[in-house]
Amino acid sequence: MPRTPRETGAPALNMAKAILGDAVRIIGATFRGNASVSGVDEAGSACLSTGTDGDATSYIDIDFVPDSDDLALAMSLSMDEVPNDATATLLRDGVSIWVNGRPSEMTAPKRGSVSRGDASSATEALPVSGDLNVSMLARIGLKKGEANSIRIATSRLGAAAVFSTLTINAAQAMGNGNAVGNPGTGN
C-alpha cells in the first residue's frame, strides 16, 4: 500500500539528494506534483505520488554532475484500490525516465517483485485487485564529470481513485536482468 512520506512537501533538492545519493553533485532540482503526499520517506527514499484529487502526474527534474558513467536507481511503484471488474482490471500507471532530454528506453523487469497478481504477467499491464507493489531497478548511462539532467515521472493513466506512489533511491548494487535503459548511448 502506498505510504505518505514522513517529510511531505520536501524541497525538490532534498528529494534529489534522496534519489541520487552522494555520488553526484546536484546543481538544481524542481518538483511538480501533489506536495501533500510527496516528499522523503522514513527510509530516506524520495516519494513521487499522484494522489487521488486530480494530480495525475508527478515528476522531478534534476541537474547534476556524476562521479561515474552510470547510475542505478531502485524504484518501487505502490498503489491501492486497483479496480477489479470485467472492464477495468488492468493497471496502466506509468513510470518514465528522461536522461539529458531524451526518453530512456524502458522495458519491463525480468524479475521484478510483484506483491499481488501474477508475476509472470508483469510485462505491460497487471490484472490485479487490492494493493499492488512492483519493484524495479533502472540502470542509466551518464556523462561522467559533466552536467547531466534526469526527469523521473509517474502518471496515473487508469482509474481516478487510485493513490499511487513511486519510491526512488540510489541502488547499492545492480541485479541480473533487472536493469532498464541503455548505458552505452547515455540513455
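The values are calculated or read from the model by the stated rules, or taken from the named source; none is laboratory data. Treat the numbers as computed from the prediction; the structure is a model and nothing was measured. Ideal geometry is used to build each Cβ from the backbone, glycine not excepted, and the neighbour counts take in all protein chains shown.
Contact map, segment 143-157: residues that are at positive phi and touching a residue at least 40 places away in the same chain (Cβ under 8 Å) paired with residues that are among the small types (Gly, Ala, Ser) and surrounded by 18 or more Cβ atoms within 10 Å (Cβ to Cβ), Cβ distance under 9 Å, separation 6+ or inter-chain. No pairs are found.
Criterion applied to 79, 75 was being hydrophobic (A, V, I, L, M, F, W, C), at pLDDT below 85, over 14 Å from residue 12 (Cα atoms) and part of a strand (DSSP E or B), and the one residue passing it is 79.
Residue 50 falls short on exactly one of the conditions (1) of a type in the set (Ser, Thr, Tyr); (2) surrounded by fewer than 22 Cβ atoms within 10 Å (Cβ to Cβ); (3) at pLDDT below 85, and that condition is (2).
Taking the stated definitions as given, is residue 141 modelled with pLDDT of 80 or more, more than 12 Å from the chain's Cα centre (by Cα), buried (at least 18 other Cβ atoms within 10 Å of the Cβ) and farther than 19 Å from residue 30 by Cβ?
It is true that residue 141 is modelled with pLDDT of 80 or more, more than 12 Å from the chain's Cα centre (by Cα), buried (at least 18 other Cβ atoms within 10 Å of the Cβ) and farther than 19 Å from residue 30 by Cβ.
Here residue 35 meets the list (1) assigned to a loop (DSSP other than H, G, I, E, B); (2) modelled with pLDDT of 90 or more almost entirely, failing just condition (2). Residue pairs whose Cβ atoms lie under 8 Å apart, sitting 6 or more positions apart in sequence or on different chains, and linking a residue in segment 4-30 that is more than 16 Å from residue 71 (Cα to Cα) and of a type in the set (Val, Ile, Thr) to a partner that is part of a strand (DSSP E or B) and modelled with pLDDT of 95 or more, are 27/63; 27/64; 27/65; 30/60; 30/61.
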